[in-house]
Each structure stands twice: as structure tokens, then as C-alpha cells.
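Undergrad: Please read through the structure below; I'll follow up with questions.
What follows is calculated from the coordinates using simple rules that are stated; it is not laboratory data. Only a predicted model underlies this, so the values are computations on that prediction, with no experimental measurement involved. Using ideal geometry, Cβ is built from the backbone for each residue, glycine included, and neighbour counts are taken over all protein chains shown.
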Amino acid sequence: MRTFDVIVVGGGPTGEEAAARLSDRGLHVALVEDRLIGGECAHWACIPSKALLRPPEVLAEAARIPGARESVDGGARVAAVLERRDVVIGVDPATGQPGDEMFAPWVERHRLTVVRGRGRLVGERRVSVGDEELKARRAVFLAGGADPLLPPIEGLDELEGVWTNREATTTQEIPERLVVVGAGPVGVELSQAFQQLGSQVMLIEGESRVLPRHEDFACIQVTEALAGYGVDIRTGQRAVRFARDGDDYVVTTSDGATARGDVLLVALGRTAATNDIGLETAGLNPGGYLEVDRHMRVHGVPWLYAIGDINGRALFTHMGKYQARIAADHVLGDEMAVAHGADGSRAPSVIFTDPQIASVGHTTESATADGIDVVTYDTQTSDNAGGLFYAPDATGTARFVVDRERQVLIGCTITGPEVVDFLHAATIAVVGEVPLDRLRHAVPSFPTRSEIWLSLFEQAGV
Ligand SMILES: Cc1cc2nc3c(=O)[nH]c(=O)nc-3n(C[C@H](O)[C@H](O)[C@H](O)COP(=O)(O)OP(=O)(O)OC[C@H]3O[C@@H](n4cnc5c(N)ncnc54)[C@H](O)[C@@H]3O)c2cc1C
């Protein structure tokens, strides 16, 4: 039996962050991984999806800008896009097999012991991996993430070859007709990617709109843009039955209509990876997300932490890594806890559609639902000197949600081309609760689209 200070089960971005931080501060750490270091994010989610989205995005933006548009003579070159995607996710060009060798220098730098295989709790601070048992002196971290959810809808479990994000992001072929079920961030981003790479995409959503948790204007703009690219969007239609008819996948929706495709991509959410990890041995129930306190300790089990997607608080890589830092520091004796409202539905999030959506904190609707009296200020993202150098006709809006009484920014949504890097300024203002009469001294450079902040100050009268 090998003994470590901390055992981290799950080598995705969250487990990596925790393991490296603990090791860098002098603890002896085991990182247990049963697939690939890098996890879902690096191999089947964030990274490959952005690799598919970026080339068509660049071309679309260039095609809108006079002087560049004249040189754009077609869409993205699919083979080159897929080749580049393979490089960034670590596919070995010789074998075509995915790998995680690119993480080897990182493992070495942080002096981690990687243990390959499935980790299962087998008692207090004990984890089995295959035939071996590992013991932790201080704590065990569960960072096993989440799996694609395949809900119990008629016919779905009988179908073979259905795509989840894993097949979609690693595909070597672009299907002619793709049916995407679910218009959350994953469904919307992948619809955009495949439509631009040559598929005819049909996007089916049970709610009345795509991206239901975002500001109305963001949802409308993305819907119009997707439709402009040719995506056939069907909202307010729940998928109620799945079947095969010859080579076609057939989806029947709640209004009795049917949709057909060569490939079916189900993007209906995620489910916690908490089955078959020995939770019973710690008196916990498998199946659901693990409930944690503000230090990420699992309720009722003081030596066990759950970080990242597995606790369901905010299914983003950056939030999992934030939780990892909090949990690691707690083990190291720091009482820092997750800041109130800093994760959950108010976490910063970016959606890499065209237009992109960058948002943090409250939407108008969520603030009102929480009983906060807000005033909102809108401006066009490119209605400033910086905007002159971006597509003059591109859609984009910035909305600032301000707490009327406290005069602080509590939410911000920005849409437009290449706006995702705007978000961090807004995140600092929201998390720092910077009063507007202080914030106005943060001067945006000229000529940049960050002058949207000047529009906020002008409208707010500060
Ligand atoms: C298509 C798609 C696009 C996304 N895009 C973004 C984005 O742009 N930005 C963003 O912030 N988020 C994005 N996300 C969400 C992001 O992928 C997750 O929030 C993130 O991967 C969570 O990290 P994690 O470390 O908690 O889990 P994971 O990345 O799922 O890693 C968990 C790892 O643990 C391993 N594991 C599980 N159980 C065990 C066990 N018992 N023993 C050993 N190993 C185990 C798994 O094999 C896996 O490698 C996207 C998700 C999807 C599906």
C-alpha cells in the first residue's frame, strides 16, 4: 500500500489544478486517472469544440470587414480544421489514437505521481486502483467530472451510434444532415460548428428559446445568427421518441413532427460521474451530484472533498479550477471559502457562437427574481471608435445590470464578435463590487471597444 498526503481521483482540469497546487506547496500527491490526463475538457469538450469553431469564426469575421472580405473565397478547409483539432487534443498522427503525452512535462514539473486506472473509495482516506490500495494521510479529492446525460426518452437507449459531445468533438467526418437535440451551450456551439463546417443542422429544443438562462437579447441574436447560417431551429418542441428508419435517425417531437438526420447528437445535459466510485463506503449515495460546503468538503465526510463538475455547482472548467484552489488551500490550512454568489448560475461564462456571448453575475431576470431593484444600461458593443475596426454590420450588445440602491454592477452580458476577452473586466467589477463612482476611474483605452464602459458611466450619470 502506497501512502500519500492527498489522493486526487480524476485528472481533468479540476483534479490537475488541485494536485499541482498541493504538490507545489510540499505535499505528496497521487493523481488517479482512468482515461486521459486533461479530462473531458482537454479531449472531448472545451478544447476540441473551440478548435472546430475558431476557423469558421475567423473567416466569418474577415468576410464582414471591407479590405479583408475580398480575399475570403469560401468556407473553412475541413481537413485542415480537423487536423488542427487533433493536434490540440493530443491525437497521435501515426496511430490516430488520443493521448495525453502533452501533459508529461506538466506532471514532471509538479512532481506528481500519476496512478492509471479507476479509483474507488474503499474506506476512510483509502482508494483502490485495480489491485492496489492507496492511503491518504490528509484527504481524498473526488474530481471525476460529469458524463453526457442520455435521458430515458422512448427509443434512445436502443439506438446505436448516437453522438454525445465525445463523438461530435472527435469526429473525422462532417455528416451531411445532423440533428442536434438540446439547445444549451453545448448544443448551440456544436450546431454552429457543424453548420459552418458543412452539415445541414437541425436544432431541436423543448424550451421556448435557445440558451434559456441568458438575457433575452443574447438568445435572440444567437438564434437569428444560427438561422442566418442555415441552421433549422425548432424551439418549443420536446423530443419524445427516437428511432431508426433505414440509415436515418428519426426524432419525433411533442408536436408530432419528425426530424431526420444521418447523425443524431444528444446534448441534453450532464450527469455526475458518481457511480462505481465507492461512495457507499463513505456513507454516501451514488448517482447524484455531491453536496459540498463552501470549502468543497463533502457534507458529513470531513476528509473528502468534491471539486469541479462532480459537485454540480457550476459546470465550467474555470469554476472547477477555482474550487480546486479553495479546497487545496483548505487542506493547507487556509480558511478561504467560495465567495457568496461567485459560482453557481452567476459564474462567468462564455459561449463561442457568432455572436459570442460573455456573461457574469445577474441577468435582468435573475436579479428581479432575487428581489433586487436594478437598472439596466444597454449599448451597442461596436458603437465606439474601437468598433470601426470590427465588422460594421456585426450584431452585438452590452448590458450592464446595476443595483440601483448600492450603485454597483451586479451583472453584465456582452455579445458580439470576439468579445469573450472583455468578460474579465466585468467579472472584476462584479466580484469586487466596485461602486460606479470608483469604476469610472478605470479608463478604457482608445480606440478599443472597451469604451462600452464609458457608455455605462454616461448613462448612469457618473
Ligand atoms: C462540448 C463541451 C464544451 C465545453 N466547453 C467549455 C468551455 O468552453 N469552457 C468551460 O469552462 N467549460 C466548458 N465545458 C465544461 C467543461 O468541460 C467541464 O466543466 C470540465 O471538463 C470539468 O472539469 P472536471 O475536472 O471537473 O471534470 P472532467 O473534465 O470531466 O475530468 C474528470 C476526469 O476524471 C476521470 N475520472 C472520473 N472518474 C474516475 C475514477 N473513478 N477514477 C479515475 N479517474 C476518473 C475522467 O476520466 C476524467 O478524465 C464544456 C463541456 C462540453 C461537454
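Undergrad: How much length would be gained if the chain were fully extended between D276 and R137, taking 0.36 nm per residue of separation minus their Cα-Cα distance, in nm to one decimal? Numbers along the way, then the final one.
TA: Values: separation 139, 0.36 × 139 = 50.04 nm, distance 2.32 nm.
Once the chain is fully extended between D276 and R137, it gains 47.7 nm.
Undergrad: Moving to a separate point now. Using a simple spin-label model with points 7 Å from Cα along the Cα→Cβ vector, what separation in nm is obtained for R238 and V114?
TA: It works out to 4.4 nm between the two label points.
Undergrad: With θ taken as phi - 60° and the coefficients 6.51, -1.76 and 1.60, list the Karplus ³J(HN,Hα) couplings across region 169-178 in order, rounded to whole Hz; mark glycine and proline as x.
TA: 6, 10, 4, 9, 9, 9, x, 5, 10, 10
Undergrad: Can you tell me what share of the DSSP beta bridges in the chain is antiparallel? A percent to the nearest 5 is fine.
TA: Among the beta bridges of the chain, antiparallel pairing accounts for roughly 60 percent.
Undergrad: Add +1 for every Lys or Arg and -1 for every Asp or Glu among the other residues with Cβ under 12 Å from the Cβ of Q323, and state the total.
TA: Summing Lys and Arg as +1 and Asp and Glu as -1 gives +1.
Undergrad: When the chain is fully extended, how far beyond the present Cα-Cα distance does V375 get from D73, taking 0.36 nm per residue of separation?
TA: Extra length available between V375 and D73 comes to 104.2 nm.
Undergrad: Modelling each spin label as a point 7 Å along the Cα-to-Cβ direction, I'd like the T368/E207 distance in nm, to one decimal.
TA: It works out to 1.6 nm between the two label points.
Undergrad: Follow-up. What are the ³J(HN,Hα) values, in whole Hz, obtained from phi via the Karplus relation 6.51 cos²θ - 1.76 cosθ + 1.60 with θ = phi - 60°, for each residue of region 405-422 in sequence order, with x given for Gly and Pro?
TA: Here the 3J(HN,Hα) series is 6, 8, 6, 10, 6, 10, x, 7, 10, 10, 10, x, x, 6, 9, 4, 7, 5 Hz.
Undergrad: Got a sec? How would C412, C219 order by Cβ neighbour count within 10 Å, fewest to most? Write down the numbers at each step before the final one.
TA: On the way: C412 29, C219 22.
With the fewest neighbours first, C412, C219 line up as C219, C412.
Undergrad: Oh, and also: Stretched out fully, how many nm does the piece from D437 to L454 gain, at 0.36 nm a residue minus the Cα gap?
TA: 4.9 nm
Undergrad: Which of the trypsin sites (Lys or Arg not before Pro) found in region 135-209 are in a DSSP loop and have at most 13 neighbouring Cβ atoms, other than their own, within 10 Å?
TA: The qualifying sites: there are none.
Undergrad: Each residue of region 245-255 in order: what ³J(HN,Hα) in whole Hz does its phi give by Karplus 6.51 cos²θ - 1.76 cosθ + 1.60, θ = phi - 60°, with x for Gly and Pro?
TA: 9, x, 7, 7, 8, 10, 10, 9, 10, 4, 8
Undergrad: Between A80 and S445, with labels modelled 7 Å along Cα→Cβ, what's the label distance in nm to one decimal, could you check?
TA: If labels sit at A80 and S445, their model points lie 2.9 nm apart.
Undergrad: For a quick check: with amide H placed at 1.01 Å from N, whose amide H comes under 5 Å from V122's, ignoring anything fewer than 5 positions away on the same chain?
TA: For V122, the qualifying residues are V127, S128.
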